[in-house]
Each structure stands twice: as C-alpha cells, then as structure tokens.
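Here is the structure we will look at, set down as structure tokens.
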Amino acid sequence: MRRTVSAVGSASAERVWQRYVRTACWPVWAPQIRAVKAEAELRAGMRGRVVPLVGPGVDFLVEAVDHEARTWSWRVRVGPVRMRLWHAVRDRAPFGAETELRIDGPAAVVLVYAPLARLALRRLVSPGNGERSC
C-alpha cells in the first residue's frame, strides 16, 4: 500500500532539509524516535538503526540523497516487515517549507504509521522544536 502525507510550516526549506540531513536531529522533531544510531549526516548507502520510544529497533538503508533537489529515500526493516519511504522538501511561497513523505509497505503498518509520520512532519516544518541546533 502507498500513502502520502505532507505538512506546511514557516521554517525555511533549508532549515527543514538540515533537520533531515543531521540524524541527531530526528528525535527532536519525530516524537516516535528516541535515538538514531548512524552516521551524523545522510548519504546514499548509509546504514543505521532507529530506536523508537516503543518496540524493537528499526534497521535502515539510505538508498538515495539529492541535496540539490532536497529529496531522499530509504528502506526500513523490522523483522519480516519492510517499508520504503521517500521524502521531499520544497520552498513554499511566500515563505516557509512543505515536506512530503511517500510510504510504501504492508497496509496495516502504513495505516498505523501515517498519523505518526504526519505529526512528525508538522513538527519538522515548524520553526522551533526546543533545540537551536536542529
């Protein structure tokens, strides 16, 4: 099943992109993530693990990163469950950013994950989040 979620906010597209690129920032805007065990910055071929607030760790492989287009994709795996996620960040006139996420995977997992992803995206495009470095 494929589901697309998006959010618009007043943070600049460059700031939103940097929040994606720096893996240490993910727990700041994604409330379902406790920690990320990976390199400091996204790159194609990077492997790592997301440590959620609840449940088992999620292994991932970053498939592609396009800094100019501000897009990236990754595959995630928890046991037998596999999903593919594609992210994009765009400028939003007259200011701010829009972020989009396409989620492909088993219907039950996609339907449960989509609302969490939407909340995370809203936080991602908001100007604050309590940490100046993210």
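Read-outs: derived from the displayed coordinates by stated rules, not from any lab. All values derive from a computational prediction rather than experimental measurement. Cβ atoms come from the backbone with ideal geometry, glycine included; neighbour counts cover every protein chain shown.
Quick look at the numbers
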{"item": "Per-residue [θ]222 nm for the chain (sum of -39500 (n - 2.57) over DSSP H runs n ≥ 4, rounded to 500)", "result": "-7000 deg cm²/dmol"}
{"item": "Per-residue ³J(HN,Hα) for the range 110-127, Karplus 6.51 cos²θ - 1.76 cosθ + 1.60, θ = phi - 60°, Hz, x for Gly and Pro", "result": "4, 5, 6, 6, 3, x, 5, 5, 4, 4, 4, 5, 4, 5, 4, 8, 7, x"}
{"item": "Dipole magnitude (debye, nearest 20) for the range 1-85, charges at Cβ of Lys, Arg, Asp, Glu", "result": "340 debye"}
{"item": "Label corresponding to mean projected area of the Cα convex hull in nm² when calculated from the structure given, among (1) 7.3; (2) 8.3; (3) 14.8", "result": "(1)"}
{"item": "Calculated FRET value between GLU39 and ALA93, using beta carbons and R₀ = 41 Å, to 0.05", "result": "0.75"}
{"item": "Contact order relative to length of the range 1-125, as percent, for alpha carbon pairs under 8 angstrom and 6 or more apart", "result": "33 percent"}
{"item": "Computed E for THR4/ARG49 - FRET, C-beta separation, R0 22 angstrom, nearest 0.05", "result": "0.30"}
{"item": "Fully extended contour minus Cα-Cα distance, from ARG84 to ALA108, at 0.36 nm per residue", "result": "7.2 nm"}
